[in-house]
Structures are given as C-alpha cells and as structure tokens.
Amino acid sequence: MIILLVEDDEAIRVSTGELLRDMGHTVIEAEDAESAMIAIRRRHIDLLFTDVSLPGMAGDVFAAEASAGRPRLRIVFATGVAEISSGDATSGPVLLRKPYTVADIESALQASMR
C-alpha cells in the first residue's frame with residue numbers, strides 16, 4: 001500500500017514512517033498540507049495518514065480537499081485532540097488517537113480497508 005504520511009512533528013513523522021515501512025508499506029512523508037497536496041497530485045496514494053493539527057491547514061480540511069474526486073482514498077486521522085471538525089467531507093475516515101502503538105496503527109489500517 002502507498003501511504004501519504006502527513007505529520008508536522010518530525011520525531012513522530014520519522015518514527016511512524018519507519019513503522020509503516022517495517023509493515024511493508026511504501027511511505028511518502030510530508031510535514032504540512034501544502035507539501036502533501038503536491039505529493040497527492042503527483043502520485044497514486046492508497047491511504048492518507050494525517051495529523052489533524054497541521055500548520056496552515058487543518059488535517060481534516062486537507063483530507064476533504066485531497067479526497068475530492070478520489071472516492072477510493074482511505075483516510076486515517078491521527079490526533080491527540082478530542083474531536084475533529086464536523087465539516088469533514090470524507091467518507092469513512094478512521095480515527096487513531098495519539099499516542100499510538102504499533103498494534104493501534106495496524107488496527108487503524110485494517111479498519112480503513114472496510
């Protein structure tokens with residue numbers, strides 16, 4: 001699976017990217033919604049794994065824009081906040097609470113495929 005990982009915290013982005021690669025996935029990393037949008041326009045992405053609190057554009061808003069015209073794009077929101085915007089236009093995103101474990105990531109990826 002090709003995963004676009006969007007996380008502004010470098011330590012979380014690097015460690016999560018390594019975990020996802022260890023699980024056998026191809027991972028494209030981005031630190032903000034702007035660079036992630038460039039990546040999503042240039043490459044096929046199977047799953048968007050994004051933080052909700054991103055600089056410049058909230059992750060849920062970015063996910064709605066990224067998934068427009070891509071009904072098969074699966075989405076996992078990784079967040080430490082209690083709620084995400086009800087304005088989220090994506091269908092069936094999976095919510096992954098921070099801090100998360102490898103087992104939590106595996107469960108979220110499996111849930112995103114349903």
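The values are calculated or read from the model by the stated rules, or taken from the named source; none is laboratory data. None of the values given here were measured: they were computed from a predicted structure. Neighbour counts are summed over all protein chains in view; Cβ atoms, including those assigned to glycine, are modelled from backbone coordinates with ideal geometry. Each accessible area value is taken on the protein alone, full model and side chains, heavy atoms only, with ligands, DNA and RNA left out. Shrake-Rupley method; radii C 1.70, N 1.55, O 1.52, S 1.80 Å.
A few notes on this one:
- Rounded if a/c under 1.5, otherwise prolate or oblate - region 1-55, Cα gyration tensor axes: oblate
- Average accessible area per residue (Å²) across the chain - probe 1.4 Å, nucleic acids and ligands excluded: 53 Å²
- Helix-only arithmetic for the chain: the sum of -39500 (n - 2.57) across DSSP H runs with n ≥ 4, divided by the residue total, places the mean residue ellipticity at 222 nm at -11500 deg cm²/dmol.
- Prolate/oblate/rounded call for the chain, Cα gyration tensor, a/c under 1.5 rounded: rounded
- Peptide packing for 26-32, 98-104, 4-10, 16-22 was compared via the average number of neighbouring C-beta atoms within 10 Å per residue; ordered from the highest value, the list is 4-10, 26-32, 16-22, 98-104.
- Heavy-atom accessible surface of the chain: percent carbon and sulfur, 1.4 Å: 49 percent
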